[in-house]
Amino acid sequence: MRLARLLEGTGVFSPGCDPEITGIACDSRRVEPGFLFVAVKGFKTDGRLFVPEAMSRGAAAAVVEEGDAFADPRVLTNSGSGNRELLALLAARFFREPWNGMRTAGITGTNGKTSTAHMLAWILESRGTPTGILGTVGHTVAGRTLPADVTTPDSLRTAELMRAMVDGGDGACVMEVSSHALSLARVDRVRFDAAVFTNLSQDHLDFHGTMEEYLKAKLRLLDLLKPGGTPVIGSASPEWPPVPGAVRFGFLSGDDYRILRHKTGIQGSRYDLATPRGVLEVVVKAPGTFSIVNSAGAVAAAAAMGVPPEESAAALSAFPEVPGRMEVVDNQLGILVAVDYAHTPDALERVLVQGRKLTRGRLISVFGCGGDRDARKRPIMGAVSRRL
């Protein structure tokens, strides 16, 4: 694609410079001859410092933000909103908006994103729809498993992976969408058929500052729905404001997908789910009330994407465990050993409360607060573990 066409309408001008752009990079180490390098200002370093390296690697052009001065005429200036937003737009154009070529679901919330995403993908796959996944425990692209550094990749990588899904035959994509991604323009141009909100509790306040700002970031997902797209909201978090046209799931009487009689134990969970098409029995192998809620959310999201609830319920009966999500470790000791990615006070409390219900003897927890972020939640998690 020619540079001028790629930059059309962005406010970035390239007089006398219109090379064929063979790729885009925001990391100078990934620049190849013919690439456009977009210098993004990060939290630890500034992309403009690497413009000389990008040009030496053969970049056809580079874009910096207003106020950055370079003598090289191939280094262009963005006087608009910023290079994060510009990168999202350029990625969408270069990779031809792949989200329009398949059904898409974006899942956000403090806890439950990974389990809900994998359950939803399993349901879609069970119907014969090859489904890609972008998420915390790894990405699945056209049947290939790729490692994941973050929950939601940057806008360039997201568009690239979704284009590979479409070209590789995937008919759907299920994506975990973090609050960081929503705040940092990683999904600004992506569009979803279903926007799923699992729940909300304290997390990432080192980044967002307040719970109000955290919620505001999450609600940005609503702006990314395709025309006719459906919000799917868990009723366990009353913080979500009323959303017109939303489908709700949970335990409340007004929920569209209401969890009725339920039972959970070491062997898994079983419950009745009232849906717009009648009451269904749902069985999942994972223990814990949160596994019940996550699966109900997956059924509701699948319905928003055209899958009848009874087909989703049938598919979930064969759903395997998600790594690190109340994952049971087989042993010959007659005890329950489970691994869970509980990284917030709310998630840890849910896991330990469920553990209390499942055990007749001692409950032992080993927990940590990895990632070197949000130190304010550490004493709260310590208190939860001590109490339970």
Check: If Lys and Arg each add +1 and Asp and Glu each add -1, what is the summed charge of the other residues whose beta carbon sits under 11 Å from the beta carbon of E349?
Finding: +2
Check: Among the DSSP beta bridges whose two residues both lie in region 1-90, what percent are antiparallel, rounded to the nearest 5?
Finding: 15 percent
Next item on the list: Report the FRET efficiency, 1/(1 + (r/R0)^6), for S79 and A142, where r is their Cβ-Cβ distance and R0 is 35 Å, rounded to 0.05.
Entry: 0.35
Notebook entry, point to check: Kirkwood-based Rg over Rh for region 285-360 (C-alpha set), two decimals?
Noted result: 1.03
Check: Ignoring ligands, DNA and RNA, what percent of the 1.4 Å accessible area of the chain is carbon and sulfur?
Finding: 51 percent
Item checked: Spin-label pair A318/K216, simplified geometry with 7 Å Cα→Cβ offset, distance in nm -> 4.7 nm
Next item on the list: State to the nearest 20 debye the size of the charge dipole of the chain about its Cα centre, where the only charges are +1 on K and R beta carbons and -1 on D and E beta carbons.
Entry: 1020 debye
Item checked: Charge tally in the Cβ shell below 9 Å around P153, where Lys, Arg are +1 and Asp, Glu are -1, P153 excluded -> -1
Next item on the list: Quick one: grab the alpha carbon gyration tensor of region 102-152, order the square roots of its eigenvalues as a ≥ b ≥ c, and give me rounded if a/c is under 1.5, else prolate or oblate depending on whether a/b is larger than b/c.
Entry: oblate
Item checked: Probe 1.4 Å, protein heavy atoms only - accessible area per residue of region 264-367 in square angstrom -> 49 Å²
Notebook entry, point to check: Counting DSSP beta bridges in region 1-150, what percent are antiparallel, to the nearest 5?
Noted result: 40 percent
Next item on the list: Could you tell me what percent of the DSSP beta bridges with both partners in the chain are antiparallel, to the nearest 5?
Entry: 40 percent
Checklist line | Convex hull volume per residue for region 159-282, taking Cα atoms only, in Å³ | finding: 166 Å³
Notebook entry, point to check: Along its principal axes, what span do the Cα atoms of the chain show, with the longest given first and each in whole Å?
Noted result: 74, 45, 42
Notebook entry, point to check: For the charge dipole of the chain, defined by +1 on Lys and Arg C-beta atoms and -1 on Asp and Glu C-beta atoms about the Cα centroid, which residue among G101, G42, G112 has the Cα displaced farthest towards the positive pole?
Noted result: G112
Checklist line | Values of log10 I(q)/I(0), in the order q = 0.12, 0.15, 0.16, 0.21 Å⁻¹, for region 231-388 under a Debye, Cα-only, solvent-free model | finding: -0.59, -0.89, -0.98, -1.33
Check: Which of the trypsin sites (Lys or Arg not before Pro) across region 1-94 are loop residues per DSSP, with 15 or fewer other Cβ within 10 Å?
Finding: K44
Notebook entry, point to check: Around D272, with a cut-off of 11 angstrom between Cβ atoms, what is the net charge of the other residues, counting Lys and Arg +1 and Asp and Glu -1?
Noted result: +3
Checklist line | Inter-part distance where region 212-237 and region 318-388 are each reduced to a Cα centre, Å | finding: 28 Å
Margin query: Nearest 10 degrees is fine. How inclined is helix 113-126 to the longest principal axis of the chain, computing both from alpha carbons?
Written below: 90 degrees
Check: Which distance in nm do the two modelled labels at V337 and T45 give, with both placed 7 Å along the Cα-to-Cβ direction?
Finding: 4.0 nm
Checklist line | Gain upon complete extension [L358, V328; 0.36 nm per residue less C-alpha separation] | finding: 9.5 nm
Note to self: Tell me which GluC sites (Glu not before Pro) from region 1-107 have a DSSP coil assignment and no more than 15 other beta carbons within 10 Å of their own.
What the structure shows: E8, E66
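The values are calculated or read from the model by the stated rules, or taken from the named source; none is laboratory data. Computed from a prediction, not measured in an experiment: that's the story for all the values here. Neighbour counts are summed over all protein chains in view; Cβ atoms, including those assigned to glycine, are modelled from backbone coordinates with ideal geometry. Accessible surface areas use protein heavy atoms only, side chains included; no ligands, DNA or RNA. Shrake-Rupley method; radii C 1.70, N 1.55, O 1.52, S 1.80 Å.
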